[in-house]
Amino acid sequence: DGANYFVLRDTFPGGAERPTWWHWLNLDKPDRIAVAGNTIEMKTAFGAGTHFWFAGRQALDAKVVTTFDYPLGPNYHHRAFGKELGVPNQEDKETKTILRVAGKPGEDYFYVVYPHKDAERLPTFSHPGEGCVKVVTPESTDYVFASDASLDFERDDVVFTGRAGAVRVFPDRVVLCLTAGGGRVGYKGCMIEGYAPLERTIRLGDLKAGVAAAGGTPRQFATLQ
């Protein structure tokens with residue numbers, strides 16, 4: 001019952017020769033998948049679907065790679081509640097489709113995954129800077145950051161230095177998040193500085209210019225190749 005979504009970033013350091021692939025499995029047939037520009041809409045027969053928006057892309061090189069039927073095995077929930085809840089019974093099957101997006105060698109995928117009911121109004125998405133996506137929902141205006149290396153962002157009264165985090169501006173408050181690495185995050189001059197993980201909720205009327213130390217412990221990052 002609200003605007004719930006995921007921001008993901010898949011990176012491929014050192015991939016100088018092999019193309020990159022992004023895959024997603026949809027619970028329905030290929031005709032329920034629509035690709036337009038840098039967006040993908042995956043619908044289902046169950047009154048809900050998933051919307052994908054890819055930052056930094058003008059168009060997606062997407063194709064269906066396989067479709068298959070998956071038999072549903074019987075279990076307690078099917079036997080006890082299947083008819084009451086309207087879910088498929090144990091003798092039904094599900095049709096599944098895998099979509100693939102192809103990219104250039106080393107090209108990453110920075111995208112928003114927005115599950116939604118069919119009648120739900122979609123957010124607006126934009127890419128205001130490297131490593132940042134802006135998501136505007138009826139609840140808040142969110143700036144979400146994700147990067148392998150520390151990045152610096154300063155725009156629209158939002159300040160962020162770090163690897164991953166968010167600034168979420170609600171009508172009455174702002175939520176400042178630092179979720180990876182050390183750095184600072186702030187809004188309208190009010191900043192928190194420290195090491196992830198940290199989160200602070202501040203009422204808009206209580207914002208004061210300055211930098212507050214949140215402390216924390218530096219963490220070592222391991223890179224696997």
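Longest exposed-loop-site-free stretch of the chain, with chymotrypsin sites (Phe, Trp or Tyr not before Pro), DSSP loop and at most 13 other Cβ within 10 Å?
Working: sites that count: Phe46, Phe221.
By the stated rule (loop sites, at most 13 other Cβ atoms within 10 Å), 47-220.
Kirkwood hydrodynamic radius, the range 25-96, all distinct C-alpha pairs: what's the number in Å?
Working: mean 1/r = 0.0706 Å⁻¹.
Result for the range 25-96, one decimal place: 14.2 Å.
Based on alpha-carbon positions alone, could you give the equivalent ellipsoid semi-axes of the range 176-216 from the gyration tensor, as √(5λ), descending, whole Å?
Working: eigenvalues 62, 19, 11 Å².
In descending order the semi-axes read 18, 10, 7 Å.
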Gain upon complete extension [Thr66, Asp92; 0.36 nm per residue less C-alpha separation]:
7.3 nm
Two decimals is fine: what is log10 I(q)/I(0) at q = 0.16, 0.17, 0.26 Å⁻¹ for the range 134-209, from a Debye sum with one equal scatterer on every Cα and no solvent?
-0.49, -0.55, -1.26
Could you work out the Kirkwood radius for the range 1-51, taking every pair of different alpha carbons, averaging 1/r and inverting it, reported in Å?
13.7
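Looking at the calculated P(r) for the range 84-136, what percent of the C-alpha pair distances fall above 16 Å? Kindly include the intermediate steps, with their values, before the conclusion.
Details: 965 of 1378 pairs.
Percent of Cα pairs beyond 16 Å in the range 84-136: 70.
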Running Debye on the chain with equal point scatterers at the Cα sites and no solvent, what base-10 log of I(q)/I(0) appears at q = 0.19 Å⁻¹?
-1.32
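Before rounding to the nearest 500, sum -39500 (n - 2.57) across all DSSP H runs of length at least 4 in the chain and divide by the residue total; then give [θ] at 222 nm in deg cm²/dmol. The partial results should precede the final answer.
On the way: 1 runs with 10 residues, N = 225.
My calculation for the chain gives -1500 deg cm²/dmol from helical runs alone.
What percent does the relative contact order of the chain come to when contacts are Cα pairs within less than 8 Å and at least six residues apart? Before the final figure, lay out each step's value.
Values: 500 pairs, mean separation 36.8, N = 225.
It rounds to 16 percent for the chain.
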Where labels lie 7 Å past Cα in the beta-carbon direction, separation of Val211 and Lys29 in nm:
6.0
So, R0 is 35 Å and r is the distance between the beta-carbons of Glu120 and Asp148; what FRET efficiency does that work out to, to 0.05?
0.60
Under a cut-off of 29 Å between alpha-carbon atoms, report the lysines in cross-link reach of Lys208, not counting same-chain residues fewer than 8 places apart.
Lys134, Lys188
20 Å cut-off, amide nitrogen to a point 7 angstrom out along Tyr76 Cα→Cβ, residues in the range 90-110
90-91
Log10 I(q)/I(0) at q = 0.20, 0.21, 0.22 Å⁻¹ for the range 1-123, from Debye over equal alpha-carbon scatterers, is -1.15, -1.21, -1.27
Heavy-atom accessible area per residue - the chain, 1.4 Å, Å²:
59
Charge tally in the Cβ shell below 10 Å around Gly47, where Lys, Arg are +1 and Asp, Glu are -1, Gly47 excluded
+1
Within the range 179-225, trypsin sites (Lys or Arg not before Pro) in DSSP loop having at most 15 other beta-carbon neighbours inside 10 Å
Lys208, Arg219
May I ask you to list the lysines whose Cα is less than 24 Å away from that of Lys63, ignoring any residue fewer than eight positions away on the same chain?
Lys29, Lys43, Lys93, Lys96, Lys104
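Return the carbon/sulfur percentage of the accessible area of the chain, one whole number, probe 1.4 Å, all protein chains in place. Please list the in-between numbers first.
Working: 6640 of 13260 Å².
Percent of accessible area from carbon and sulfur atoms in the chain: 50.
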Taking only Cα atoms, what is the 0 to 90° angle, nearest 10, from helix 76-85's long axis to the longest principal axis of the chain?
90
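The values are calculated or read from the model by the stated rules, or taken from the named source; none is laboratory data. On a predicted model such as this, the values are computed, not experimentally measured, just so you know. Note that each Cβ is placed from the backbone with ideal geometry, even for glycine, and that neighbours are counted across all protein chains shown. Just the protein is used for accessible areas: all its heavy atoms, side chains included, with ligands, DNA and RNA removed. Shrake-Rupley method; radii C 1.70, N 1.55, O 1.52, S 1.80 Å.
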